[in-house]
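The values are calculated or read from the model by the stated rules, or taken from the named source; none is laboratory data. Keep in mind that this is a model prediction, so the values were computed, not measured. In this analysis, Cβ positions are derived from the backbone assuming ideal geometry, glycine residues included, and neighbour counts consider all displayed protein chains. Surface areas here come from the heavy atoms of the whole protein model, side chains and all, with no ligands, DNA or RNA. Shrake-Rupley method; radii C 1.70, N 1.55, O 1.52, S 1.80 Å.
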Amino acid sequence: MPDSGPAMTNAILIRAAAEADYPAIARLQQTSPEAAQWPVGDYSGFRILFAVLEAEKGIPAGFCAWRQSTPDEAELLNLAVSPDYRRRGVASSLLKALAREAAGDIFLEVAEPNEPAIRLYEHHGWVRAGVRKGYYGSGNVNAIVMQKRP
Ligand SMILES: CC(C)(COP(=O)(O)OP(=O)(O)OC[C@H]1O[C@@H](n2cnc3c(N)ncnc32)[C@H](O)[C@@H]1OP(=O)(O)O)[C@@H](O)C(=O)NCCC(=O)NCCS
């Protein structure tokens, strides 16, 4: 018989972010220097998915920001998971939710040295579509453009 006590799960809940989440988004950004560092006000035109951990009283664990650029093309703009909650499937849950919500191809840019993120995206079906030379920093870091078909 399974234990009939209170259910303790590691469920990752995904929901749309509201303005009340902006301070948590700012904190998540700060703990992830590899992510884009934008003033939170800049997120107002984007769609934001927020990941919270059910078993830890709704602790904000990660977020992603995206936009539907055209009816059949979407763009993942930013993604960060708190270092405390990595390798637990938080980013994967966000990317699965993004794939359900977005229409058409999903494009993103990632810094060439950011191998963890590139592996994550490849794991979820993104493929390399091109290189933007000198896109980041003072022109010495390439961006890999990646694309996921529906
Ligand atoms: C990249 C990042 C979003 C991954 O988040 P995460 O919640 O730890 O990722 P997941 O647990 O969903 O990982 C899923 C898979 O991605 C790959 N992956 C994730 N992190 C990895 C790492 N550090 N090294 C190698 N592979 C990695 C693995 O295949 C992993 O599956 P596994 O754990 O079964 O091996 C997180 O490390 C992060 O926030 N980094 C800083 C910000 C950043 O780089 N953002 C992307 C900007 S383009």
For the pair residue 147 and residue 132, how long in nm is the line joining their label points, each one 7 Å along Cα→Cβ? 1.5
Rg/Rh of the chain (Cα atoms, Kirkwood Rh), to two decimals, equals 1.00
Hey, for a label at residue 103 modelled as a point 7 Å past Cα toward Cβ, could you say which residues of region 71-90 have their backbone N under 20 Å away? 71-77
How much length is gained on full extension from residue 123 to residue 46, taking 0.36 nm per residue of separation minus their Cα-Cα distance? 25.3 nm
5 Å-binned pair-distance histogram of region 17-83 (Cα, whole percent): 3, 17, 30, 24, 14, 8, 3, 0
Pairs of Cα atoms farther than 16 Å apart, region 68-136, %: 51
Only Lys, Arg (+1) and Asp, Glu (-1) charged, at Cβ; region 12-148 dipole about Cα centre in debye: 260
Where in region 80-101 is the amide nitrogen less than 16 Å from a point lying 7 Å along the Cα-to-Cβ axis of residue 111? 80-81, 83
Expected unfolding gain across residue 96-residue 19 under the 0.36 nm per residue rule, minus the alpha-carbon gap, is 25.4 nm
Could you check how much of the accessible area of region 12-148 is carbon and sulfur, as a whole percent, using a 1.4 Å probe? 49
Rounded to the nearest whole Å², what accessible area per residue is found for the chain with the 1.4 Å probe? 59
